[in-house]
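Peer 1: My questions all concern the structure below.
The values are calculated or read from the model by the stated rules, or taken from the named source; none is laboratory data. Note that the structure is predicted; figures quoted are calculated from it, not measured. Don't worry about glycine lacking a Cβ; one is built from the backbone with ideal geometry, like all the others, and counts go over all protein chains shown.
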Amino acid sequence: MSALLTVHDPRGYPPKVTGKRLAPRLASLEGKTVHLVDCLFDNTDVFMRELKDWFATRMPSVRTEILRPRESWVDDPALRARVVAEADAAIFAVGL
């Protein structure tokens, strides 16, 4: 069969993506606060608890806190503002 098919993408057209530079690397995490942001993917909460325990055991001077947005796939400006105001660094987990 050599018929042509037309395929429609139900997601529409992707937005234009503009790259951004990464945040500058900290010289050390000693004495810093790191927010562990669970982005509500499956099993991410388990990973974040393990990561929090890892920091407590291996880098006890680093203060960690697990944060979660109000809902998945929706921007949470209050969460972003809290990370900027309170944390020296953040790790966002998007699933395992």
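Peer 1: Counting only residues that are among the polar types (S, T, N, Q) and assigned to a loop (DSSP other than H, G, I, E, B), which one in the range 37-68 is nearest to Arg80 (Cα to Cα)?
Peer 2: Applying the filter and picking the extreme gives Asn43.
Peer 1: Kindly indicate which of Val17, Val7, Val94 is touching a Phe, Trp or Tyr at 6+ places or on another chain (Cβ under 6 Å) and at pLDDT below 95.
Peer 2: Of the residues listed, the single one that is touching a Phe, Trp or Tyr at 6+ places or on another chain (Cβ under 6 Å) and at pLDDT below 95 is Val94.
Peer 1: Among the residues in the range 7-19, are any out of contact with any helix residue (DSSP H, G or I) (no Cβ under 9 Å at 6 or more places or on another chain), of a type in the set (Lys, Arg) and either more than 15 Å from Asp88 (Cα to Cα) or free of Cβ contacts under 8 Å to residues at least 12 places away in the same chain (or both)?
Peer 2: Looking through the range 7-19, at least one residue is out of contact with any helix residue (DSSP H, G or I) (no Cβ under 9 Å at 6 or more places or on another chain), of a type in the set (Lys, Arg) and either more than 15 Å from Asp88 (Cα to Cα) or free of Cβ contacts under 8 Å to residues at least 12 places away in the same chain (or both).
Residues are listed down the side, and each one gets a yes or a no for (1) of a type in the set (Val, Ile, Thr); (2) part of a helix (DSSP H, G or I):
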{"site": "Tyr13", "(1), (2)": "no, no"}
{"site": "Arg21", "(1), (2)": "no, no"}
{"site": "Val34", "(1), (2)": "yes, no"}
{"site": "Arg80", "(1), (2)": "no, yes"}
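Peer 1: Step by step: first the residues of the range 24-54, then only those that are among the small types (Gly, Ala, Ser) and without any contact (Cβ under 8 Å) to a residue 24 or more places away in the chain, then the one that is surrounded by the fewest Cβ atoms within 10 Å (Cβ to Cβ). Which residue is that?
Peer 2: Looking at the filtered set, the residue picked out is Ala27.
Peer 1: Let me ask something else about it. Only residues in the range 67-83 that are closer than 16 Å to Leu36 by Cα and surrounded by fewer than 16 Cβ atoms within 10 Å (Cβ to Cβ) count as the first member; pair them with residues that are modelled with pLDDT under 95 and hydrophobic (A, V, I, L, M, F, W, C), Cβ under 6 angstrom, at least 6 apart or cross-chain, and list the lot.
Peer 2: Filtered contacts from the range 67-83: Ser72/Leu40.
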